[in-house]
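Report on the following structure.
The values are calculated or read from the model by the stated rules, or taken from the named source; none is laboratory data. Values in this document were obtained by computation on a predicted structure and should not be read as measured data. A quick note on method: Cβ atoms are made from the backbone with ideal geometry, for glycine too, and the neighbour counts reach across all protein chains shown. Heavy atoms of the whole protein, side chains included, go into the accessibility calculation; ligands, DNA and RNA do not. Shrake-Rupley method; radii C 1.70, N 1.55, O 1.52, S 1.80 Å.
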Amino acid sequence: IKQVGVVGCGQMGSGITQVCAQAGYQATVLEVSEELLNKGLAAINSTLTRSVEKERITQQDKEAILSRIKGTTNMQDLGNCDLVIEAVVENLDLKKKIFSELDKVCPETSILATNTSCLSVIEIAMATQRPDKVLGMHFFNPPPLMKLLEMVRTVATSEETLETGRSFGESLGKTVIIAPDSPGFIVNRLMVPQVLNAIRMLENGVATKEDIDNGMTLGLNHPMGPLAVADLVGLDTFYYIANAIYDELKDPQFAPPVLLKKMVAAGWLGRKTGKGFYEYK
């Protein structure tokens, strides 16, 4: 793999693009509009600038990384990519539409990956004529800092595709874990009930949000408390993930609490709106 494509230049897509370029790959990132593309590229530039200021990289490193990134609004520009990673919103129909288009644009040898955190990868794969070359590549937020890559193998993913994907992930400096194509994969299957339980505790007046989060950070040595994590991920995203897993498994521990639903309805989505369980400037 030399040429990598990324579909979507939002919070996850821009981070994935940066990680690929930092690892030496030529990265082409696609967005639906110039406005969104420029916003995503500006976010990459800003992140790299902070890295220079903190002396993690040099100014020359930053310029070299940026030189390997190309932005586009034309799907055809992904036609020379050996691997394309889709990182758009968690909407199954949208992802299937994108994969159907990528299947027509990309060479038959190209691997197509989805960054979904909860949707069925095989359903996305079946929108293509190459389900053996489709897998999940679930990066964590923010991709430049988080060391894990959750790779999802479907019943149709070939051994060759899996091993190529694993080698690629390791070349990015990530620790790769292999997850089954089941709701929530590994990490969200572990994390979502924990966060939802914290929200239920707050909802039922068991403890304050500060005491819940301090209990996890200082008592269990987690870097962030579950309510702070929900704010970081985005309460709307978290609500969607929990619903998607619950719809598949019908396990009550994945049913979103009423408080979460009402906060999403109120537009209190966490860090990205300035208000969630906590307030942010």
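See the values below:
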read-out: Highest-MSF residue in the chain out of Thr116, Thr217, Thr72 [GNM, Cα springs under 10 Å]; value: Thr217
read-out: 14 Å beta-carbon shell around Arg200, net charge (K/R +1, D/E -1); value: +2
read-out: Relative contact order of the chain, pairs being alpha-carbon contacts under 8 Å that are 6 or more residues apart, as %; value: 13 percent
read-out: Ala265 versus Thr72: modelled label distance in nm, points set 7 Å from Cα along the beta carbon direction; value: 4.4 nm
read-out: For segment 1-55: rounded, prolate or oblate by the Cα gyration tensor [a/c cutoff 1.5]; value: oblate
read-out: Derived scalar couplings ³J(HN,Hα) [segment 115-122; Karplus, 6.51 cos²θ - 1.76 cosθ + 1.60; whole Hz; x for Gly, Pro]; value: 8, 4, 9, 8, 7, 5, 5, 5
read-out: Three-way shape label, segment 39-188, alpha-carbon gyration tensor, a/c 1.5; value: prolate
read-out: With DNA, RNA and ligands ignored, accessible area of Tyr246 (1.4 Å probe; Å², nearest 10); value: 70 Å²
read-out: Helix runs (DSSP H) in the chain reaching 15 Å along axis by Cα, Kyte-Doolittle at least 0.5; value: 187-203
read-out: Distance violations [Cα-Cα > 26 Å] among Lys2/Lys62; Lys97/Lys133; Lys2/Lys133; Lys97/Lys275; Lys250/Lys281; Lys39/Lys262; value: Lys97/Lys275; Lys250/Lys281; Lys39/Lys262
read-out: Cα shape, segment 205-281, gyration tensor, a/c 1.5 rule; value: oblate
read-out: Residue-averaged [θ]222 nm for the chain, counting only DSSP H segments that reach four residues, each worth -39500 (n - 2.57); value: -14000 deg cm²/dmol
read-out: Residue-count net charge about Lys95 - beta-carbon cut-off 12 Å; Lys, Arg +1, Asp, Glu -1; value: -3
read-out: Mean-position separation - Cα centroids, segment 162-196 and segment 101-133, in angstrom; value: 17 Å
read-out: Distance between modelled label sites at Leu190 and Val52, nm, 7 Å Cα→Cβ extension; value: 3.7 nm
